[in-house]
Amino acid sequence: MYEDLKKRIVEVLVYLESKGLNYGRSGNISVRASGEHIVITPSGLVKSKLKPEDLVIVDYNGEIVEGFNKPSSELPLHLAIYRAYEYFNAIIHAHSIYTGILSVMREPLPPILEEMTIYLGGDIRVADYAPFGTRELAENSVEALRNRKAVILANHGVVACGIDLEDALEVLELVERAAQIYVFSRLTGRVTTLPIDVVEHQKKIFLERIKLRKEQEVSE
Ligand SMILES: [Zn+2]
């Protein structure tokens, strides 16, 4: 089932590794394939070497519907995000470097670029630390994702969410790029965030756009 989607997920995994956005066995991707099924990457294997048939199909209770491998250890995180935020249909979790630095500093990424407020919803929060794969990490991430498209996991990595897989990929690249700019700006000792009124105005545009998309999906 969902052959084209599985092929695209495999391509994205190769792309992430080639761009240094993720590496080795880390990270995971899932997509809502239908109202009943989620396609998710398997646990443990080297992600850029996966074949479409290595991916696992699960239902919304996390039960395996198709596949030979164990689903990602972060399945509880993916399920919790889909349950909490109906407008997200794809999730990429990656261990990228600059968001990784912020995850270790346990500092949010402030609104420093306009594309952050327009496309991500504003600053990117850090979810409170919990060990990987736990329900607690899932809960902390859902909380820190409110009205945003991404969240940094303390001492871990980043989660990027989108209305589809291409959107989630754009979100991941934007967060990592902004994190890189922020980390280097911090080294100069001179960081100025966007004016607060601009941030508030653009956040409203972001939220209206997300809401509008959801309404369009419902009416389709
Ligand atoms: Zn991870």
Value of relative contact order over the chain, rounded to a whole percent, pairs C-alpha under 8 Å and six or more apart: 19 percent
Calculated FRET efficiency for the pair residue 128/residue 201, C-beta based, R₀ 25 Å, to 0.05: 0.30
Please give the length that would be gained between residue 61 and residue 191 if that part of the chain were fully extended, namely 0.36 nm times their separation in residues minus their C-alpha to C-alpha distance (nm, one decimal). 42.4 nm
Net charge dipole size for the range 3-219 [Lys, Arg +1 and Asp, Glu -1 on Cβ; Debye, nearest 20]: 500 debye
Counting only residues 5 or more places away or on other chains, whose amide H sits under 5 Å from the amide H of residue 72 once H atoms are built in the peptide plane? 41, 43
Counting only helical runs of four or more DSSP H residues, what would the 222 nm mean residue ellipticity of the chain come to if each run contributes -39,500 (n - 2.57) and the total is spread over all its residues? -14500 deg cm²/dmol
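Using the beta-carbon distance between residue 49 and residue 73 and R0 = 25 Å, what value does 1/(1 + (r/R0)^6) give for FRET efficiency, to the nearest 0.05?
Numbers: r = 18 Å, r/R0 = 0.72.
The calculated FRET efficiency here is 0.85.
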So, over other residues within a Cβ distance under 14 Å of residue 130, counting Lys, Arg +1 and Asp, Glu -1, the net charge is -3
Between residue 115 and residue 19, how many nm apart are label points set 7 Å from Cα along the C-beta direction? 1.0 nm
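As a test of the definition: which semi-axes, in Å, follow for the range 3-219 when you take the square root of five times each eigenvalue of its alpha carbon gyration tensor? Largest first, please.
Working: eigenvalues 153, 80, 45 Å².
So the three semi-axes of the range 3-219 are 28, 20, 15 Å.
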Unit-weight point scatterers at every alpha-carbon of the range 1-74, Debye formula, q = 0.15, 0.17 1/Å: log10 I(q)/I(0) is -0.43, -0.55
With unit charges on the beta carbons (Lys and Arg positive, Asp and Glu negative) and the dipole taken about the Cα centre of the range 3-219, which residue among 155, 21, 89 sits farthest to the positive side? 155
Which of 79, 183, 56 sits closest to the plus end of the dipole of the chain, meaning its Cα is farthest towards the positive end, when Lys and Arg get +1 and Asp and Glu get -1 on the C-beta? 183
Note down the nm distance, to one decimal, between modelled labels 7 Å out along Cα→Cβ at residue 155 and at residue 83. 2.6 nm
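Express in nm, to one decimal, how much length is gained between residue 34 and residue 106 on full extension, taking 0.36 nm for each residue of separation and deducting their alpha carbon distance. All intermediate terms of the calculation are to be shown ahead of the outcome.
Working: separation 72, 0.36 × 72 = 25.92 nm, distance 3.54 nm.
Additional length available on full extension: 22.4 nm.
Computed from the coordinates by the stated procedures, all read-outs in this text should not be read as laboratory data. Quantities reported herein were computed from a predicted structural model and do not represent experimental measurements. Here Cβ is always computed from backbone atoms with ideal geometry, including for glycine, and neighbour counts include all displayed protein chains.
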